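**Student:** If you scroll down you'll find the structure; I have some questions about it.
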Amino acid sequence: MQLLTLPKLAARSGWPESRVRRMVARGLLSHIRVNGRLLLPETAIEDYVANHFVAAAGRSTPMGRLTLASSAQDPDPRN
């Protein structure tokens, strides 16, 4: 496991340092302090996103399949 400093992890992720710092302070990202130095696993943000990912909600038909209707066949968008 490779450990990165907060600025390096923020730069790699494209997230602002302030956001990463807040998430660490709230205990949302895995981290360790070694001799006062804050280090995070290189996968800390990826792990957070994976653990908090919400799949899109959708309606399914009774058979569990999604069917798309052409607007020419069904002009009423409420159906």
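The values are calculated or read from the model by the stated rules, or taken from the named source; none is laboratory data. Keep in mind that what you see is a predicted model, and the values were worked out from it rather than measured. Ideal geometry is used to build each Cβ from the backbone, glycine not excepted, and the neighbour counts take in all protein chains shown.
**Student:** GLU46 passes all but one of (1) surrounded by 10 or more Cβ atoms within 10 Å (Cβ to Cβ); (2) modelled with pLDDT of 95 or more; which number fails?
**Tutor:** The one condition GLU46 does not meet is (2).
**Student:** Condition first: at pLDDT 70 or above and either of a type in the set (S, T, N, Q) or surrounded by 10 or more Cβ atoms within 10 Å (Cβ to Cβ) (or both). Now tell me which residues in the range 50-79 satisfy that.
**Tutor:** Kept after step one, since they are at pLDDT 70 or above, are these residues of the range 50-79: 50-58.
The answer is ASN51, and nothing else.
Quick grid of which residues meet (1) touching a residue at least 60 places away in the same chain (Cβ under 8 Å); (2) in a helix (DSSP H, G or I); (3) farther than 22 Å from HIS52 by Cα:
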| residue | (1), (2), (3) |
| --- | --- |
| MET1 | no, no, no |
| PRO7 | no, yes, yes |
| ALA11 | no, yes, no |
| TRP15 | no, no, no |
| SER18 | no, yes, no |
| MET23 | no, yes, no |
| LEU28 | no, no, no |
| LEU39 | no, no, no |
